[in-house]
Amino acid sequence: MVKENCGVVGIFSLSGTNVVPMAIDALRALQHRGQEAWGIAIPNKTPLKKLGLVSAASSEFKKISEEYKSSSVIGHVRYSTMGRSSLENAQPLKVKDLCVAHNGTIANVQELSNLVGGCSFTPQNASDTLVAAQRLVSLISENGQMGKALSILKNEMIGSYCFTFISDDNSVYAARDPKGFRPMVLGHKESDDTFIVASESSAISAVGAKLQRDVSPGELIRLSKNGLETERFSDDATRAHCSFEFTYFAHPSSKMEGTNIYVSRKRIGQFLAKKFPIPDADLVIPVPDSARPAALGYAQELGVSFDEGLLKDRYSKKGPLRSFIEPHQTDRVEINRWIIPIREIIDGRHVVVIDDSLVRGTSSKAIIKALRRAGARKISMLITYPQINFPCYAGIDFPSQQELATYTNGKDMTPDEITEMVRRDIGADFLGYNDAENLANAVGIPKDSMCFTCSSGNYDSLGVTPDFKSREEIKGEAS
């Protein structure tokens, strides 16, 4: 299984405006979706790709904008769940006259590789994006049109995907998978008649454009000199929106599936308070940063004090980054070292800590130890996301069971027994997980229209029965 949960953008200006500076700003607004590498592509030129954060190349922005001057562009920020961090694995990728940027997972990538005449796929020498692009180019050459090619490819390809493409004829395309696993939105900037598609509306706001709507699952958008054109390559009516986007991944300013992420997270906290009304709590604190709205909602619902008891050191090298999307455990530990408790807030109090998720337990252990050192009398930890028991094969980086905090090593345990095992492991006095129905109700999306596979183990929405492997096997690092 090969997976990338990243950020993509595609921009086309009908007025001929150079949109490369806009693409850079949009990618900076999507940086929370990927910290490893970034890149842009314009027609008839090799894509530009760089390792690290977009902002690290700020001294080169003017030069890049001049050298890659174009009225059409696509871009990508990378968060890998497969392969090593290298420019070779960075996107966009070019296949013949088509460049592609991808956010999602192709679960049957080996099978798809066989269709393009190669059984040589390995995590070290290719990516699911490259294989999908090669197959798509082949289908376009056979069928003549992007829409027809995608309508065939969707039946061959299992998984989640949002694509942006740019062709050498100066057209920008965007496609969202039929079940809507990954988000994608459409915006327009009236001042220079520019259309933008992006993973999140935060990117649209960042460039001064106005959000128009979500890209519909199964929709193909074309942006060209003819303006905005749209068609459907799938009529699948079932939905499987990633629930993890609402608790962690998406930017709080974004609007997704008709709901603002900040408001949704605050409501999740309110609903969590109804599920776990801890009576003797002195203080509610968030784990920075994505859990802050939920913690505020929880505190307001119960009438308990809310405060910032944990702060990130944003001046350390790793402090400002998001630990979960770092590919290596040593980097996650380094980031969490720089979450600092405030003793004057914590000392002698029963602290309710709200976190967005508990995946590997790395952050939770570090935070609880730090709170103990700061004098917390009692620590209750509440998680806005349900108990994660299974790997994700829809683009989030927990691809093996062994790395999960809930891993039982084959021992048959109930969910409550697993919760108790994790509680002891992280050192909390109490641990409570949200449940899928509670989360869905808070967000306002029907539970059966959201993906909770990592909690339930039901992979029907992906259409695949996974072969569980170790992280080393999946990442291509096994000896």
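Read-outs throughout are calculated quantities, based only on the coordinates presented, and are distinct from any laboratory measurement. Computed from a predicted model, the values in this text were never measured in an experiment. Counting neighbours? That spans all protein chains shown, and the Cβs are built from the backbone with ideal geometry, glycine included.
Side notes on the structure shown:
- Residues whose amide H falls under 5 Å from that of GLN212, counting only those 5 or more places apart or on a different chain, are LEU186, GLY187, HIS188, with hydrogens built in the peptide plane.
- Cα centre as origin, Lys/Arg/Asp/Glu Cβ charges: the chain dipole, Debye: 980 debye
- ALA405 long-range amide H proximity, modeled H, under 5 Å: ARG360, GLY361
- Where a label projected 7 Å from the Cα of GLU229 along Cα→Cβ would reach, residues of the range 160-197 with amide N under 16 Å: 165-175
- Extension gain, ASP347 back to PHE61 (0.36 nm per residue minus Cα-Cα distance, nm): 98.3 nm
- Rg/Rh (Cα only; Kirkwood hydrodynamic radius) as it applies to the chain: 0.97
- Length released on extending from ASP168 to HIS188, taking residue separation times 0.36 nm less the Cα-Cα span: 4.9 nm
- Rounded to the nearest 10 degrees, the inclination of helix 128-143 to the longest alpha-carbon principal axis of the chain is 30 degrees.
- Extension gain, ARG373 to ASN458: 0.36 nm times the residue separation minus the Cα-Cα distance gives 26.6 nm.
- This model, with +1 at the C-beta of Lys and Arg and -1 at the C-beta of Asp and Glu, gives the range 2-238 a dipole about its Cα centre of some 380 debye.
- Cα lying deepest toward the dipole's positive end in the chain, options GLY427, THR164, VAL443, charges on Cβ: GLY427
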